[in-house]
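A short worksheet on the structure shown next.
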Amino acid sequence: QVQLVESGGGLVQPGGSLRLSCAASGSIFSTYDMGWYRQAPGKQRELVAALSRGGSTTYADSVKGRFTISRDTAGNTMYLQMNSLKPEDTAFYYCNVQVYFRTYWGQGIQVTVSS
């Protein structure tokens, strides 16, 4: 089965940057669609960024121009570069990959943007 593990979260001041990583058990990100989601307390989980196996990207309007989704050439790690962070970006972030009809999720990692 696919195992996903996020890392790189933490506390950052507004305007700062963080890079989230998602390590997979295998080179799956070069083959399947993947994405980053987040969920803040009291709110539903939302798509932050997505990267298709064909290379196309999709971003939530709230993060366009600030966040960048990518993957390494080996396809075993995906990233979310987050710049110009705002307090509204505070949430629990999850990486995700769609393998045929199955969806795999990482355990999630906290990102807190606060002064």
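No lab work stands behind these numbers, since they all come straight from the coordinates. Worth saying up front: this structure is predicted, and the values here are computed from it rather than measured.
Worth a mention:
- Over all directions, the projected convex hull of the C-alpha atoms in the stretch 13-60 averages 4.8 nm² in area.
- The ratio of the alpha-carbon radius of gyration of the stretch 37-115 to the globular-protein estimate 2.2 N^0.38 Å is 1.11.
- For the chain: relative contact order, % (alpha-carbon pairs under 8 angstrom, 6 or more apart): 37
- Cα point-scatterer Debye curve for the stretch 1-88, base-10 log of I(q)/I(0) at q = 0.11, 0.16, 0.17 Å⁻¹: -0.30, -0.64, -0.72
- Cα pair distances in the stretch 75-115, grouped into 10 Å bins until the bin that holds the longest one, percent each: 23, 46, 25, 6, 0
- Across the stretch 1-45, the relative contact order, built from alpha-carbon pairs under 8 Å that are at least six residues apart, equals 33 percent.
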